[in-house]
Amino acid sequence: MPGNRLVMSHAQESKAGTPRRRRRLSRRWRALIGVVAGLFLALTVATAELLVWPAQGMPAQVSAIVMLAGPGDRLPVALDLAGAQRARVLVLSLGYYG
């Protein structure tokens, strides 16, 4: 009977093999996704630049030279830096021997 049509819901159509149309995102959503992706990329590049590949070298002047206690002979290096007048203050850590 040609007059009788079977009406199916969208879920039934997709199960029956009929391809469903995909909804496109509105222009506003696509712009928002683009802005968020751009900000994420900028944050990633800035983080990599500052933390992964920091600037090399030593500054000419610092606030203080701090020598922490530990293995090895660190005192001559700290005294050499202080002798070169890299800082006005030299802090020596003797550690905890308790």
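The values are calculated or read from the model by the stated rules, or taken from the named source; none is laboratory data. Just so it is clear, the structure is predicted and the values come from calculations on it, not from any experiment. Here Cβ is always computed from backbone atoms with ideal geometry, including for glycine, and neighbour counts include all displayed protein chains.
One table, with the values for the structure above:
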item: Residue ID - surrounded by the most Cβ atoms within 10 Å (Cβ to Cβ), chosen from residues in segment 59-77 that are of a type in the set (A, V, I, L, M) and in contact (Cβ under 8 Å) with a residue 24 or more places away in the chain; result: Ile65
item: Residue in segment 60-68 that is in contact with a Lys or Arg (Cβ under 7 Å, 6 or more places away or on another chain), modelled with pLDDT of 85 or more and assigned to a loop (DSSP other than H, G, I, E, B) present; result: yes
item: Residue check for Ala82: at pLDDT 90 or above, in a helix (DSSP H, G or I), small (Gly, Ala, Ser) and over 34 Å from the mean Cα position of the chain (by Cα); result: yes
